[in-house]
Each structure stands twice: as structure tokens, then as C-alpha cells.
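Enquirer: Structure in C-alpha cells, see below.
Every number in this text was worked out from the coordinates using simple rules, so none of it is lab data. Only a predicted model underlies this, so the values are computations on that prediction, with no experimental measurement involved. All Cβ positions, glycine included, derive from the backbone under ideal geometry; neighbour counts span all protein chains shown.
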Amino acid sequence: MGVRKVAWTLIAVGVVGWGLHAATAWAGSQNVAGVRAEAAFLNRAVAAAGGTDTHALVNDYTQSGGQFSSLVQLEQEASATAGAMGMTNAKQITRSLAGENFVELSGAGAGGAQISVYESSFPAAGGQGTDVLVIRATPDTVTARNLTNLMQQVYSAVADQHRIPDVSAYVETVHKGLASTAQVRQDEARVLAAVGAKAFSGMQSGTDSSVSAFAANGPKGIKSGTQSMNLQVGVHLDSLHRQTDVFIGTPIIVDPF
């Protein structure tokens with residue numbers, strides 16, 4: 001998947017982007033049943049899009065207050081999360097700066113998923129601080145079952161540490177040929193109808209477009225301004241490969257495309 005930064009991208013890669021996600025999110029995924037319902041919601045939307053599913057990402061952003069954590073503490077927390085994700089032979093990166101301690105573990109997890117775990121701590125006055133956990137997990141093969149299982153696994157890896165999960169996910173599906181504007185609008189409408197979602201905003205920028213929507217019977221999602229949002233559909237016309245890339249995420253697509 002090519003990374004294409006467009007003006008209307010809601011969430012950018014990196015801690016700053018995940019921080020925006022946290023700032024707009026509600027309480028996060030509340031329980032295992034909730035995250036499985038979130039997965040079923042996304043799988044219905046993806047099925048309606050058709051095409052070939054080529055890539056998926058499950059993301060968690062969890063922020064917690066307390067003391068400024070040392071590298072040793074972050075390494076222990078990251079190791080526990082990696083273990084819960086079934087990671088083996090993880091590669092580790094650490095960084096300690098005046099304003100941040102940071103640990104990254106990356107490697108293969110259960111079922112061949114590619115996983116990265118990021119633990120960061122930012123200092124505040126009086127020895128206090130803010131810890132941020134981010135998990136990014138990509139299934140080896142994109143299927144509805146694999147996506148559901150991975151979303152549940154990410155949820156449990158966070159909840160088992162007595163932290164509040166905030167799980168999101170998206171799937172990229174590819175269609176041969178370059179879709180016309182009318183076809184793009186039809187594809188967006190079909191995906192929204194499959195989950196009973198209503199669009200409240202849409203943007204177009206050259207070969208890229210995006211629709212933000214909310215389904216009342218879907219997962220809680222986030223607040224986008226004053227609007228509730230639990231579904232985003234993005235389309236990129238890839239002239240190089242002569243294909244149309246459709247991205248479907250709940251509550252958002254966390255990467256630029």
C-alpha cells in the first residue's frame with residue numbers, strides 16, 4: 001500500500017496522529033463482545049465493497065496518566081504486550097530524550113501477523129507523566145475471521161494489563177481499472193448501505209476521495225467535531241497500476257493513503 005498524504009487525512013502516522021485519535025475518541029472498546037461487534041460491522045462494509053482484500057491494519061491507542069515511566073518500566077510493559085500478542089524474536093528499539101522515553105518491539109505474532117508495539121512516556125510537572133501504548137497489527141492473510149481474531153487479540157492484550165483498549169481497524173480492497181467519479185459514488189453508497197450508515201461529510205482531492213459516516217446501530221466510534229463517526233471510506237485512483245484502491249475503516253482509516 002502506498003502512503004499518500006492528502007489534505008483531508010484525519011489521522012497521520014506517528015504519535016502525534018495517534019494522539020489526535022485519542023483526543024477525539026470516546027471511552028474506547030468496552031468489552032470483548034463490543035470489539036467483536038466492531039469487527040462484524042467492518043467485515044460487512046468490506047464485503048459490500050467487493051474487490052480483492054490486500055491489506056488490513058488493527059490499531060490500538062491507549063493513554064494513561066501516572067508517573068513518568070523509565071525505560072526499564074516501558075520495556076517490561078512492552079514485553080508483556082508483545083507476549084500477549086504471541087510475538088517471538090522481537091526486534092527492540094529504545095530512545096531516551098529530555099521529553100520522552102520510548103520503546104518499540106516489532107516482529108511476527110500468533111498466526112503470522114506482523115506486529116509493532118510502541119510504549120512512550122512523556123513527563124509532566126511534579127514527577128507525573130503520561131504513558132501511551134500503541135499497537136499496530138497486520139494479519140498475514142486478510143479474511144473476516146483473521147481480522148476478527150486479531151482485533152479481539154489486540155483488545156485482550158491491552159485489557160489484560162488493566163488498561164482501556166481503543167481498537168480501530170481498516171481494510172484495503174483493490175478493484176481492477178480506474179473507477180469513474182460516478183462509480184466511486186456508487187461504491188461509497190453501497191458500503192454505507194450495507195451497515196446502515198449515513199454520510200455527514202465528504203472530500204475530494206485529485207485522485208483521492210473520502211466519506212465520513214455514522215451508523216446508529218454500529219460501534220460507538222469517535223467524535224469528529226460535533227458529529228458522531230464510526231465509518232470512513234477512502235478511495236485512491238492508482239493510475240500507475242491501473243487500479244482503484246478502496247479503504248474502509250472503523251471508526252476511521254488511521255493511515256494516510
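Enquirer: Run the simple label-point estimate for Ser64 and His162 please: 7 Å along Cα→C-beta, distance reported in nm.
Expert: Using points 7 Å along Cα→Cβ, the separation is 0.8 nm.
Enquirer: Same structure again: Report the local net charge at Phe122: Lys and Arg +1, Asp and Glu -1, summed over other residues whose C-beta lies under 13 Å from its C-beta.
Expert: -2
Enquirer: Let me ask something else about it. With axes computed from alpha carbons, what is the tilt in degrees of helix 71-84 against the longest principal axis of the chain, rounded to the nearest 10 within 0 to 90?
Expert: 50 degrees
Enquirer: Now a separate question. What ratio of Cα Rg to 2.2 N^0.38 Å holds for the chain?
Expert: 1.00
Enquirer: Compute the length gained on full extension between Gln114 and Ala182: take 0.36 nm times their separation in residues and subtract their Cα-Cα distance, giving the result in nm to one decimal.
Expert: Net length gain for the segment: 20.9 nm.
Enquirer: Right, here's the next one. Give me the net charge of Ala193's neighbourhood, meaning all other residues with Cβ under 15 Å from the Cβ of Ala193; Lys, Arg count +1, Asp, Glu -1.
Expert: Overall, the nearby charge balance is +2.
Enquirer: Something else: Can you sort Thr94, Thr62 from fewest to most other Cβ atoms within 10 Å of each residue's own Cβ?
Expert: Ordered by Cβ neighbours within 10 Å, fewest first: Thr94, Thr62.
Enquirer: Another question, if that's okay. Test of understanding: ordering His236, His162 by Cβ neighbours within 10 Å, fewest first, what list do you get?
Expert: His162, His236
Enquirer: For a quick check: sort Ser239, Ser168, Ser106, Ser121 by the number of other beta carbons within 10 angstrom, fewest at the front.
Expert: Lowest count first: Ser239, Ser106, Ser121, Ser168.
Enquirer: Also, I was wondering about something else. Name the aspartates and glutamates eligible as straight-distance cross-link partners of Lys198: C-alpha to C-alpha under 19 Å, and not fewer than 8 places from it in the same chain.
Expert: Within the straight-line cut-off, Lys198 pairs with Glu38, Asp187, Glu188.
Enquirer: A further question follows. For every other residue with a beta carbon closer than 9 angstrom to the beta carbon of Val103, add +1 if it is Lys or Arg and -1 if Asp or Glu, then tell me the sum.
Expert: Local charge sum for Val103: -3.
Enquirer: Over the chain, what is the relative contact order in whole percent, taking alpha-carbon pairs under 8 Å and six or more residues apart?
Expert: 26 percent
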